[in-house]
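Data block below; observations after.
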Amino acid sequence: MPFHIAKEGSGVYKLFTGFVTTAEFLQSIFEMHSQLDYDQLRYSINDFREVQGHSIRPADVDLASLISLKARAVNPEILIAVISCDPGITDLVRHFADRTVYRLGCFASLEEARRWIDAAP
């Protein structure tokens, strides 16, 4: 499985590795939203640093944003941090940012992402 979700206190950490398909990317979203305590989660860290390739397209990100609209009814305040230096992934993050109401940040390191989460009100 090219992603692993780990619960950590008030959030989740999703590590993506290898080649990530669109189906796997969307599955990671469904699994996070299916957490029994999703309504209590403060953040989701999505770490793409170990990804060697993917088949995710802007249209797939559009679908992810629609899915997130439904999840927003359950948890409107969750912070979404994405970690990647890959220009293709950061372009997709910008695409998602234009279509979501969630607070979203894109970072080069896990430390930067955690600092952003810790500083958020």
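Screening the stretch 61-79 for residues that are surrounded by fewer than 17 Cβ atoms within 10 Å (Cβ to Cβ) and out of contact with any His (no Cβ under 9 Å at 6 or more places or on another chain) and picking the one that is nearest to Glu24 (Cα to Cα) gives Leu63.
Sort out which residues of the stretch 96-121 are part of a helix (DSSP H, G or I), modelled with pLDDT of 95 or more and not β-branched (Val, Ile, Thr), and write them in order of number. If the condition is that a residue be part of a helix (DSSP H, G or I), modelled with pLDDT of 95 or more and not β-branched (Val, Ile, Thr), then Leu110, Glu111, Glu112, Ala113, Arg114, Arg115, Trp116, Asp118, Ala119 are the ones that fit.
Scanning the stretch 1-23 for residues that are in a loop (DSSP other than H, G, I, E, B) and either free of Cβ contacts under 8 Å to residues at least 12 places away in the same chain or in contact with a Leu (Cβ under 8 Å, 6 or more places away or on another chain) (or both) turns up Gly9, Ser10. The requirement of being surrounded by 18 or more Cβ atoms within 10 Å (Cβ to Cβ) and either farther than 25 Å from Ala119 by Cα or among the acidic types (Asp, Glu) (or both) is fulfilled somewhere in the stretch 35-48, by at least one residue.
Test of understanding: among Thr17, Thr21, which residue is more than 22 Å from Ala108 (Cβ to Cβ), surrounded by 13 or more Cβ atoms within 10 Å (Cβ to Cβ) and either within 13 Å of the chain's Cα centre (by Cα) or at pLDDT 90 or above (or both)?
Thr21
Inside the stretch 42-67, residues that are part of a helix (DSSP H, G or I), within 26 Å of Glu111 (Cα to Cα) and not hydrophobic (A, V, I, L, M, F, W, C) make up a count of 1.
Yes or no: Val101 out of contact with any Lys or Arg (no Cβ under 8 Å at 6 or more places or on another chain) and at negative phi? No; evaluated as a whole, the condition is false for this residue.
Say whether the condition of being in a strand (DSSP E or B), of a type outside the set (A, V, I, L, M, F, W, C), touching a residue at least 12 places away in the same chain (Cβ under 8 Å) and exposed (fewer than 14 other Cβ atoms within 10 Å of the Cβ) is met by at least one residue in the stretch 80-89. No, the stretch 80-89 contains no residue that is in a strand (DSSP E or B), of a type outside the set (A, V, I, L, M, F, W, C), touching a residue at least 12 places away in the same chain (Cβ under 8 Å) and exposed (fewer than 14 other Cβ atoms within 10 Å of the Cβ). Tell me which residues, restricted to the stretch 24-41, are more than 14 Å from Ile89 (Cα to Cα), part of a helix (DSSP H, G or I) and either of a type in the set (Val, Ile, Thr) or under 14 Å from the mean Cα position of the chain (by Cα) (or both). Selection gives Glu24, Leu26, Gln27, Ser28, Ile29, Phe30, Glu31, Met32, His33, Tyr38.
Residue under question is Ser55, and the condition is that it be loosely packed, with under 15 Cβ neighbours inside 10 Å, in contact with a helix residue (DSSP H, G or I) (Cβ under 9 Å, 6 or more places away or on another chain) and modelled with pLDDT of 95 or more; does it hold? Here the answer is yes, as Ser55 does meet what is asked.
The values are calculated or read from the model by the stated rules, or taken from the named source; none is laboratory data. On a predicted model such as this, the values are computed, not experimentally measured, just so you know. Note that we place each Cβ from the backbone using ideal geometry, even for glycine, and neighbour counts take in every protein chain shown.
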